[in-house]
There are 2 protein chains.
Amino acid sequence: MIPSKEEVTTAYNRVSPFVHKTPVFTSNLLNGLAEAELYFKCENFQKMGAFKMRGAINAIQQLSKDQKKAGVVTHSSGNFAQALSLAAKNLGVKAYIVMPSNAPQVKKEAVKGYGGIITESQPTLAAREQEANRIQSETGATFIHPSNNTDVILGQGTAAIELLKKHSDLDYILTPLGGGGLIAGTALAAHYMTSTCKVIGGEPFEADDAWRSLQSGKIETNETANTIADGLRTNLGDKNFPIINELVTEIIRVEEAEITAAMRLIWERMKIIVEPSSAVPLAAVLKKKDFFRNKKIGIIISGGNVDLENLPF
Amino acid sequence: MIPSKEEVTTAYNRVSPFVHKTPVFTSNLLNGLAEAELYFKCENFQKMGAFKMRGAINAIQQLSKDQKKAGVVTHSSGNFAQALSLAAKNLGVKAYIVMPSNAPQVKKEAVKGYGGIITESQPTLAAREQEANRIQSETGATFIHPSNNTDVILGQGTAAIELLKKHSDLDYILTPLGGGGLIAGTALAAHYMTSTCKVIGGEPFEADDAWRSLQSGKIETNETANTIADGLRTNLGDKNFPIINELVTEIIRVEEAEITAAMRLIWERMKIIVEPSSAVPLAAVLKKKDFFRNKKIGIIISGGNVDLENLPF
């Protein structure tokens, strides 16, 4: 069930030539606030502005020649739509993107800009899946799930590998937890690259399906997900949950106000633009200050694609 | 009148241990838009969030032991208030900061946080100067002007030295142009470190005193300065104007809408937070695209201290 060390390593070698080795930022002020050492892996500076580029590039490369010829398809209104479009373009593959008709124009433009072929659907999950199925059967394109796909998971883990190659003595790595691809990949990286680094997820109370899933031992879902961290509204899947269940130590839940406050700290003090989802791990560290005091903590800043017209401050 | 190469070099050695060697960012997308190669020297990541730290640290170090004991004083509601406070703290010197009574609370807090001793004055230039004079005569503190001071100018030039050490073949370096300290220091750096790199200023039409001063050959002033680039509302002085007059090739003026659009491009595409002033050089490059096409251009991103409650988008 759990991918092997070799799979993790070969994914890293496969992904590296196609992505930015993003910088690791530190902030004396935030270290002072947390009374810990924080290392921010800045995937907001990744191509298309988020870590999702990594998983997309890994998944497409794993396809056969014939599969590549037929193209790939996904449904997403968020970062994965852009990631799959750009990754496919880089690899000379067609990308069909199903987007809900009410997706913001700026997101549609971004996907188009990266060469994605957009099909609009009614804005329900059922309609999106149906449209993706139709495209699959008509074109022979391979469906790539944004988070519940082993090659996507292995790709997302390469951010943590880069971080651990620079800072091998981290006590913890924290990631935001939405669909589960990033944290599953990160947990695999820490598991095989270190003997002590633990991986912890940060999750909004408003979308705490993963926290409940770890409690119950089976995949729980969000009935509603009314969180500002729009990247974290999705549910876990059968590919990533077993990895998370086995390798993730803990999930810390945070309030909406804590997310906004942490986001504001990052913007004002680090002078970088990060999505609300990216602020969830810092919110978790500040919430559990006694637990994290004096530890060395890696934080994956997942992305920086925000709507400047619609900021929480 | 013009400082020597040795003065420029020794300032660099004096300042370096006390400041961050800020990174140089590039963006394929912005290069594509400008049809040129742009190298952004990110002083928004400098200590206290702006290049002004460099000039403050250089100026204080040039004081005698007795002068240091008596402290330094300036009047500023902007970045130099924070810069002088933090630089003085690092060097174990008292900093008296005269701030207008209507300065935003957040700026007062920042100065206090860096250990500056605030005196409030009526919000006129005359009142600020009078208060600074009073502090000088009562405490013996040395007045440090934010931009019209040779040691400040030499300190500000160290950002360009760092940039040119990394990218020695730049055709141009552009800086925003307000009080004139940054561009004067940058022009000195380019003059002594390269044989071909030209320095160009970006200035809002709304505060084009420097453009008019270069035309007339004497210091002109702004009657009003109704620009979003709040760091650029100040006037030139007798220390920096001669350097600018001799070494700056050209000043390009830009409209307010061009500044906001360039700022938005930097935020959205580079995922970094920059002040409106910092967007002026990019606005100038995009405005004079034919002139800059295919050139290698350094841009000093002057700072990242913005009020998130009061954004232009």
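With chain A treated as a Gaussian network of Cα nodes joined by springs under 10 Å, which of A:183, A:57, A:117 yields the largest mean-square fluctuation?
Its mean-square fluctuation being the largest, the pick is A:117.
Helix-only estimate, please: 222 nm mean residue ellipticity of the protein assembly as shown, summing -39500 (n - 2.57) across DSSP H runs of length 4 or more and dividing by its residues, to the nearest 500.
Mean residue ellipticity, 222 nm, calculated: -13000 deg cm²/dmol.
So what are the ³J(HN,Hα) numbers for segment A:81-98, from phi and the Karplus equation (6.51, -1.76, 1.60; θ = phi - 60°), rounded to whole Hz, Gly and Pro as x?
Rounded to whole hertz, the list is 4, 5, 4, 5, 4, 6, 4, 4, 4, 4, 9, x, 10, 6, 10, 9, 10, 8.
Suppose R0 equals 56 Å; then what is the FRET efficiency for residue B:134 and residue A:165 from their Cβ-Cβ distance, rounded to the nearest 0.05? Numbers along the way, then the final one.
Details: r = 57 Å, r/R0 = 1.02.
After rounding to 0.05, the efficiency reads 0.45.
Can you give the translational diffusion coefficient of chain A in µm²/s, computed by Stokes-Einstein from the Kirkwood radius over Cα pairs at 37 °C and 0.692 mPa s?
It comes out at roughly 171 µm²/s.
What does the net charge come to around residue B:209 if you take all other residues with beta carbon closer than 10 Å to its beta carbon, with K and R at +1 and D and E at -1?
Combined, the nearby Lys, Arg, Asp and Glu give -2.
Taking GluC sites (Glu not before Pro) as candidate sites, keep only those in a DSSP loop with at most 16 other Cβ atoms within 10 Å, then name the longest stretch of chain A containing none of them.
A:36-222
In segment B:1-129, what is the count of Lys pairs whose alpha carbons are under 13 Å apart, counting only pairs at least 8 residues apart or on separate chains?
Close lysine pairs found across segment B:1-129: 10.
Name all residues of segment A:134-162 having a backbone nitrogen under 18 Å from the label point set 7 Å from the Cα of residue A:122 along its Cα→Cβ direction, giving them as ranges.
Output list for this probe position: A:134-135.
For residue A:195 and residue A:21 in the same chain, what is the full-extension length gain: residue separation times 0.36 nm, less their Cα-Cα distance, in nm? Intermediate results must be reported in sequence, preceding the final value.
Details: separation 174, 0.36 × 174 = 62.64 nm, distance 2.37 nm.
Roughly 60.3 nm would be gained on extension.
Please compute the net charge surrounding residue A:268, taking Lys and Arg as +1 and Asp and Glu as -1 over other residues with Cβ under 12 Å from its Cβ. All intermediate terms of the calculation are to be shown ahead of the outcome.
Working: positive: A:264, A:269, A:271; negative: B:109, B:307, B:309.
Around residue A:268, the surrounding residues sum to 0.
Roughly what % antiparallel, to the nearest 5, for the DSSP beta bridges in chain B?
Values: 3 of 34 bridges.
Roughly 10 percent of the DSSP beta bridges within chain B come out antiparallel.
Using the Kirkwood radius over C-alpha pairs as Rh, can you work out the diffusion coefficient of the protein assembly as shown via Stokes-Einstein at 4 °C, viscosity 1.567 mPa s, in µm² per second?
The calculation lands on 50 µm²/s.
Within 10 Å of each candidate Cβ there may be at most 12 other Cβ atoms; applying that plus a DSSP loop requirement, which trypsin sites (Lys or Arg not before Pro) in segment A:248-313 survive?
Answer in residue order: A:293.
Residue by residue, what Karplus-based ³J(HN,Hα) values in Hz, rounded to whole numbers, does segment B:166-177 have, using 6.51, -1.76 and 1.60 with θ = phi - 60° and x for Gly and Pro?
With coefficients 6.51, -1.76 and 1.60, one gets 7, 10, 7, 10, 5, 7, 9, 10, 10, 10, x, 10 Hz.
Given A:45, A:118, A:228, which one lies farthest toward the positive end of the charge dipole of chain A, if we put +1 on the Cβ of every Lys and Arg and -1 on the Cβ of every Asp and Glu?
Checked the options; the winner is A:45.
To the nearest 20 debye, what is the magnitude of the charge dipole of segment B:226-313 about its Cα centre, counting +1 on the Cβ of each Lys and Arg and -1 on the Cβ of each Asp and Glu?
Once rounded to the nearest 20, the dipole reads 520 debye.
Return, ordered by residue number, the residues of segment A:239-263 whose backbone nitrogen is under 16 Å from a label point located 7 Å along Cα→Cβ of residue A:215.
Those under the cut-off are A:250-255.
Hey, what did segment A:53-143 get for relative contact order, percent, Cα under 8 Å, at least 6 apart? Walk me through the intermediate numbers first.
On the way: 159 pairs, mean separation 28.8, N = 91.
Result for segment A:53-143 is 32 percent.
Determine the dipole magnitude for segment B:53-143: charges of +1 sit on the beta-carbon of Lys and Arg, -1 on that of Asp and Glu, nothing else is charged, the reference point is the Cα centre, and the result goes in debye to the nearest 20.
Result for segment B:53-143 is approximately 300 debye, rounded to the nearest 20.
How high is the relative contact order of chain A, in percent, with contacts defined as C-alpha pairs under 8 Å that are six or more residues apart?
That works out to 21 percent.
Taking 8 Å as the Cα distance limit and 6 or more residues as the minimum spacing, I'd like the relative contact order of segment B:1-96 as a percentage.
24 percent
May I ask for the distance between the Cα centers of segment A:24-56 and segment B:7-79, given as a whole number of Å?
Centre-to-centre (Cα) distance: 24 Å.
So how strong a dipole does the protein assembly as shown carry about its Cα centre when Lys and Arg Cβ are +1 and Asp and Glu Cβ are -1, to the nearest 20 debye?
Value, rounded to 20: 1540 debye.
Taken together, the values in this text are just the output of simple stated rules run on the coordinates, not laboratory data. Please read all numbers here as calculations on a predicted model, not as lab measurements. FYI the Cβ positions are ideal-geometry reconstructions off the backbone, even for glycines, and counts take in every protein chain you see.
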